[in-house]
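To start, the structure under review is shown below, and the notes come after it.
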Amino acid sequence: MSLLAVGLSHRTAPLAVLERAAVGADDVPKLLDELLSHEHVAEALLLSTCNRVEVYAEVDSFHGGLADVAAVLARHGGWDVDDLAGHLFVHHESSAVEHLFLVAAGMDSMVVGEAQILGQLRGAYATAGDLGTAGRVLHELVQQALRVGKRAHAETNIDAAGASVVSEALADAALALGGLRGRRALIVGAGSLASLTVAELRRSGVAEVVVANRTPETADRLAATVAAAGTPARGVGVDAIPAELTAADIVITCTGSLDTVMTTSMVAAVATPLVICDLALPRDVEPAVRELPGVTLVDLEDLADRLRRAEAGTSVEDARTLVAAEVRRYLATQRSAEVTPTVAALRRRGSEVVDAELLRLSARLPGLPTEVRAELARTVHRVMETLLHTPTVRVKQLAEGPAGSSYAEALRELFALDPHAVSR
């Protein structure tokens, strides 16, 4: 079995492709089930955010596993596998571990250092756990990745390498409007991105926040947290969006909808100037809105290049160094764990040989005094332990290196250890 990471991100695919590949929360269970229905996939986790769709899988072969995962992603997006292939990244074994650790640390995000990815990864892990698609391998890997992500944010200044996508979008909005203080804001969506948005808007001094969501009760809860912090806020249903647009100066959309939420005709009917920040994937707002007079549209495509170029500074290098060390430590631990069954089998073989010889001795010398027999047994076992101590300790040390598995294989060959018995 081996670890495989396959997916698309803002680094490998344009926004239009990412939109088609995006997986809504309701579709995640279906895709995970489909992944595990393929013969080469034993475990699977799906991470889908505003700028990535990634599958982490434990597979029984690289090529078979890659074909299975690519087929599921292609079917979901409505592509032929060959059409999708040019946009996919593929990482195997140690490279897959490194990629996930970098993702968890915010190093692969559109805004380097953003911390939201940690919550998204935690959510994807919880879903895979609840559905039973994450087994021992992915449990250990993701738990370690989450720990690495926390370390990167706690022990380096990576958070300062860039603000969140929300901060960058609102900075553009403030520039277009001459500031956000005293403005009225409409937020469409009530998830984690919306929560980040209302916090930023409140700090910017907006006069009022309206949260629109398909579940009004959810919108009310988010609005209540804003109001409790001192900024007037209220929640409404999505059917109130056209009316709320007429009083808004800035609109931020961040739903998980696969359909358009805000049409050109809807926006054309309101007064301007108006700034719309579309932070959803797929887009919530029709691109043609950009052509309306007095309307400024900021979306992920506008932000992507600028945010990618922002990767710089000592904090980024510190975080990369930390991640690299954690990858080496994780891989060494895994390789050491892999050789443990072989070491156990070798010691078991030694004990079996010793016990067989002591039994033969008992048959040949039945009158041997009990205390002599016990001392002989202790002596022979000590000899066996002494002979095996150095090679078993050394093979564990060697197993932590890049070619670690070869030493365990050598032991199995030299002592004719049964691989199946070792596995058991």
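The values are calculated or read from the model by the stated rules, or taken from the named source; none is laboratory data. The model shown is predicted, which means the values in this text are computed figures rather than measured ones. Glycine gets a Cβ as well: all are built from the backbone with ideal geometry, and neighbour counts include every protein chain shown.
Summary of values
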{"quantity": "Any chance Ala44 is touching a Ser or Thr at 6+ places or on another chain (Cβ under 6 Å), modelled with pLDDT of 95 or more and part of a strand (DSSP E or B)", "calculated": "yes"}
{"quantity": "The listed residue being over 18 Å from Asp108 (Cβ atoms), free of Cβ contacts under 8 Å to residues at least 60 places away in the same chain, surrounded by fewer than 20 Cβ atoms within 10 Å (Cβ to Cβ) and under 20 Å from the mean Cα position of the chain (by Cα), out of Glu39, Glu34, Glu19", "calculated": "Glu34"}
{"quantity": "Qualifying residue in the range 207-223 (condition: under 22 Å from Glu114 (Cα atoms), assigned by TED's automatic domain parsing to the domain that holds Leu258, surrounded by 20 or more Cβ atoms within 10 Å (Cβ to Cβ) and not aliphatic (A, V, I, L, M))", "calculated": "no"}
{"quantity": "Criterion: crowded, with 21+ Cβ neighbours inside 10 Å and either closer than 19 Å to Gly191 by Cβ or not assigned by TED's automatic domain parsing to the domain that holds Ala169 (or both) - qualifying residue of Ala240, Ala280", "calculated": "Ala280"}
{"quantity": "Single match in Arg290, Arg306, Arg348 (criterion: part of a helix (DSSP H, G or I), surrounded by 15 or more Cβ atoms within 10 Å (Cβ to Cβ) and charged (D, E, K, R))", "calculated": "Arg290"}
{"quantity": "Odd one out for Leu131, checked against (1) within 12 Å of the chain's Cα centre (by Cα); (2) farther than 15 Å from Val6 by Cα; (3) hydrophobic (A, V, I, L, M, F, W, C)", "calculated": "(1)"}
{"quantity": "Sole exception among (1) outside any strand (DSSP E or B); (2) of a type in the set (D, E, K, R); (3) modelled with pLDDT of 95 or more; (4) in contact with a helix residue (DSSP H, G or I) (Cβ under 8 Å, 6 or more places away or on another chain) for Glu114, by number", "calculated": "(3)"}
{"quantity": "Top-ranked residue of the range 52-97 - restricted to ones that are assigned to a strand (DSSP E or B) and among the aliphatic types (A, V, I, L, M), ranked as surrounded by the most Cβ atoms within 10 Å (Cβ to Cβ)", "calculated": "Ala57"}
{"quantity": "Members of the range 1-16 that are surrounded by 16 or more Cβ atoms within 10 Å (Cβ to Cβ) and at pLDDT below 90", "calculated": "His10, Leu15"}
{"quantity": "Top-ranked residue of the range 119-152 - restricted to ones that are in contact with a Ser or Thr (Cβ under 8 Å, 6 or more places away or on another chain) and modelled with pLDDT under 95, ranked as surrounded by the fewest Cβ atoms within 10 Å (Cβ to Cβ)", "calculated": "Gly119"}
{"quantity": "So Gly256, is it surrounded by 18 or more Cβ atoms within 10 Å (Cβ to Cβ), part of a strand (DSSP E or B) and of a type in the set (Gly, Ala, Ser)", "calculated": "no"}
{"quantity": "Residue tally, condition over 10 Å from Leu4 (Cβ atoms) and touching a helix residue (DSSP H, G or I) at 6+ places or on another chain (Cβ under 8 Å), over the range 44-66", "calculated": "10"}
{"quantity": "Sole residue being buried (at least 16 other Cβ atoms within 10 Å of the Cβ), more than 30 Å from Thr379 (Cβ to Cβ) and touching an Asp or Glu at 6+ places or on another chain (Cβ under 7 Å), chosen from Thr296, Thr264", "calculated": "Thr264"}
{"quantity": "Boolean, Ala126 is assigned to a helix (DSSP H, G or I), without any contact (Cβ under 8 Å) to a residue 12 or more places away in the chain and either on the phi < 0 side of the Ramachandran plot or not aromatic (Phe, Trp, Tyr) (or both)", "calculated": "yes"}
{"quantity": "Residues of the range 293-333 classified as at pLDDT 80 or above and either touching a Phe, Trp or Tyr at 6+ places or on another chain (Cβ under 8 Å) or farther than 30 Å from Ala248 by Cα (or both), total", "calculated": "18"}
